[in-house]
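Below is one structure, written out as structure tokens; the observations come after it.
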Amino acid sequence: MTTVALLGTLDTKGEEYAWLKDRLEHLEIRVLAIDVGSFSSSPLADVASDEVIAAADADPADLREHRDRGEMMAVMGRGAAAVVRRLAEQGRIHGLLAVGGSGGSSVAASAMQALPIGFPKLLVSTMASGDVRPYVGEVDVTLTYSVVDVAGINSISAAVLGNAAAAVAGMAKAYEARLLDPEGSQAHRPLIGITMFGVTTPAADEARRTLAGLGYEPLVFHATGTGGRAMEKLVESGLLAGVCDLTTTELADDLVGGVLSAGPHRLEMAGAAGLPQVVSLGALDMVNFGPMETVPDRFAGRKLFVHNPTVTLMRTTETEMAELGRRIAAKLAAATGPTQLFIPLRGVSGIDVDGGPFRDADADEALFTAVRTGLAGSSVVVHELDQAINDPGFGRAMAETLHSLITRK
């Protein structure tokens with residue numbers, strides 16, 4: 001029977017969760033209630049709060065003795081993530097529904113972000129009308145603004161929560177049907193992730209067209225921090241057949257302090273998963289900021305370029321490029337799957353070409369030298385092409401090589 005997990009603080013939101021449980025059962029959905037209340041021992045719970053705390057490798061008695069709300073929320077988030085991930089992997093739940101304010105939403109978000117893309121996850125929150133990035137992360141969380149506070153059942157909350165119950169019931173039934181018909185769910189072409197930036201668009205488009213012609217379904221991710229993380233979440237979810245990581249610019253923002261960082265672990269997931277990957281150095285010549293006036297004062301005197309009224313680019317230096325090369329080499333050398341690197345010797349972006357505003361052959365060579373040195377003796381195959389990244393043939397070469405790695409594997 002289709003099962004939806006209800007996750008929440010059953011000590012403070014017991015009335016609301018009992019109402020949701022009744023609505024879901026009326027829709028012929030089995031309910032599994034997970035209690036993340038700090039001091040809760042609710043009879044509604046199928047998974048008690050003590051079990052959630054233990055799933056985070058913490059001791060319930062010790063944690064409660066501290067009476068530290070921040071620590072409690074962090075532990076509950078980790079424990080809830082571990083619990084729902086296990087239940088989903090075992091096929092025991094087909095959807096996740098949570099309601100709450102800021103605290104409950106933060107715990108629910110940790111759990112939802114631990115689930116694979118495609119698994120139904122719906123959060124009704126008082127926080128869903130503002131900055132929702134902390135609650136969504138890189139996964140397909142469905143958010144509903146609660147309108148009124150989650151404090152009892154009234155005519156407004158009944159309408160909002162009723163819609164949420166109906167929505168998650170429908171999603172869960174569809175998800176279970178896909179699980180029961182694996183052949184049908186895998187009828188699509190193999191998925192490939194491609195990273196792209198405005199200044200690497202011609203190369204990414206060429207790779208996309210080539211891969212589509214070879215029988216794949218290419219998915220293009222804008223390398224804006226969130227885009228890189230989203231692609232790697234798909235890798236973690238087991239949904240991609242390979243990665244064409246043409247644009248690794250997010251690493252420059254992470255190193256220097258730009259606004260489009262994907263975090264320090266970018267470019268690691270495909271390697272850890274053993275997925276075939278081809279990688280290039282797209283747009284490592286730049287760090288991203290907002291409008292010109294938002295560029296930090298510490299970068300006064302650096303080479304800047306106004307990409308558009310809301311985006312200012314800053315050229316990376318020789319020192320920064322060398323460090324990026326070392327980091328990339330270390331990440332690729334650690335990969336457990338087939339990995340090949342493509343170096344565009346005549347420029348890593350559309351503005352890092354002869355006559356372009358960011359052309360700096362010495363800085364680029366510092367990057368290339370560091371990569372070569374770091375990958376010496378590794379299993380990573382390095383291709384050095386006497387082309388700029390957007391020259392015809394570069395994206396195609398990456399795509400054809402990835403196809404070869406996938407079919408060989």
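Residue pairs whose Cβ atoms lie under 6 Å apart, separated by 6 or more positions or on different chains, with the first residue in the stretch 349-365 and surrounded by fewer than 21 Cβ atoms within 10 Å (Cβ to Cβ) and modelled with pLDDT of 95 or more and the second not aliphatic (A, V, I, L, M) and not in a loop (DSSP other than H, G, I, E, B), are Pro357/Phe305; Asp362/Glu318. One residue stands out in the stretch 1-31 among those that are farther than 21 Å from Gly101 by Cα and of a type in the set (A, V, I, L, M, F, W, C): the one that is surrounded by the fewest Cβ atoms within 10 Å (Cβ to Cβ), namely Met1.
Of all residue pairs spaced 6 or more apart or on separate chains, those with beta-carbon atoms under 7 Å, a first member in the stretch 150-166 that is free of Cβ contacts under 8 Å to residues at least 12 places away in the same chain and in a helix (DSSP H, G or I) and a second member that is surrounded by 12 or more Cβ atoms within 10 Å (Cβ to Cβ) and not acidic (Asp, Glu) are Ile156/Val147; Ile156/Val148. What about Arg229, is it under 28 Å from Thr294 (Cα atoms), outside any strand (DSSP E or B), among the charged types (D, E, K, R) and modelled with pLDDT of 95 or more? In short, no. Out of the residues in the stretch 58-83 meeting the condition of being surrounded by fewer than 16 Cβ atoms within 10 Å (Cβ to Cβ) and under 25 Å from the mean Cα position of the chain (by Cα), tell me which one is modelled with the lowest pLDDT. Per the stated criteria, the residue is Gly70.
Test Arg78 against the criterion of being in a helix (DSSP H, G or I), free of Cβ contacts under 8 Å to residues at least 60 places away in the same chain and closer than 18 Å to Ala172 by Cα, and give yes or no. So Arg78 fails the test. For Val147, the conditions (1) more than 27 Å from Glu236 (Cα to Cα); (2) without any contact (Cβ under 8 Å) to a residue 24 or more places away in the chain; (3) in contact with a Lys or Arg (Cβ under 9 Å, 6 or more places away or on another chain) are fulfilled apart from (3). Taken over the stretch 114-132, the criterion of being surrounded by fewer than 24 Cβ atoms within 10 Å (Cβ to Cβ), touching a helix residue (DSSP H, G or I) at 6+ places or on another chain (Cβ under 9 Å) and over 23 Å from Lys173 (Cβ atoms) is satisfied by Thr126, Met127, Ala128. Take the residues in the stretch 183-211 that are acidic (Asp, Glu) and at pLDDT 95 or above, then tell me which one is surrounded by the most Cβ atoms within 10 Å (Cβ to Cβ). The residue in question is Glu206.
For every residue, the table says whether it meets (1) among the hydrophobic types (A, V, I, L, M, F, W, C); (2) assigned by TED's automatic domain parsing to the domain that holds Phe299; (3) closer than 23 Å to Met321 by Cα; (4) at pLDDT 95 or above.
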position: Gly213; (1), (2), (3), (4): no, yes, no, yes
position: His222; (1), (2), (3), (4): no, yes, yes, yes
position: Glu236; (1), (2), (3), (4): no, yes, no, no
position: Gly242; (1), (2), (3), (4): no, yes, no, yes
position: Leu260; (1), (2), (3), (4): yes, yes, yes, yes
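Of all residues in the stretch 130-143, count the ones that are outside any helix (DSSP H, G or I), farther than 19 Å from Gly162 by Cα and of a type outside the set (Val, Ile, Thr). Residues in the stretch 130-143 being outside any helix (DSSP H, G or I), farther than 19 Å from Gly162 by Cα and of a type outside the set (Val, Ile, Thr): 5 in total.
Among Val256, Val278, which is the only one that is β-branched (Val, Ile, Thr) and buried (at least 24 other Cβ atoms within 10 Å of the Cβ)? Checking each option against the conditions leaves just Val278. Those helices (runs of 4 or more DSSP H) of the stretch 8-68 in which 3 or more residues are more than 17 Å from Val124 (Cα to Cα) and touching a residue at least 12 places away in the same chain (Cβ under 8 Å) occupy 49-55.
In the list Glu236, Glu250, which residue meets the criterion of being surrounded by 24 or more Cβ atoms within 10 Å (Cβ to Cβ) and either farther than 19 Å from Val348 by Cβ or of a type in the set (Asp, Glu) (or both)? Only one candidate passes the filter, namely Glu250.
The values are calculated or read from the model by the stated rules, or taken from the named source; none is laboratory data. Predicted, not measured: the structure shown is a model, and the values here were computed from it. No Cβ is skipped: glycine too gets one built from the backbone with ideal geometry, and neighbour counts run over all protein chains shown.
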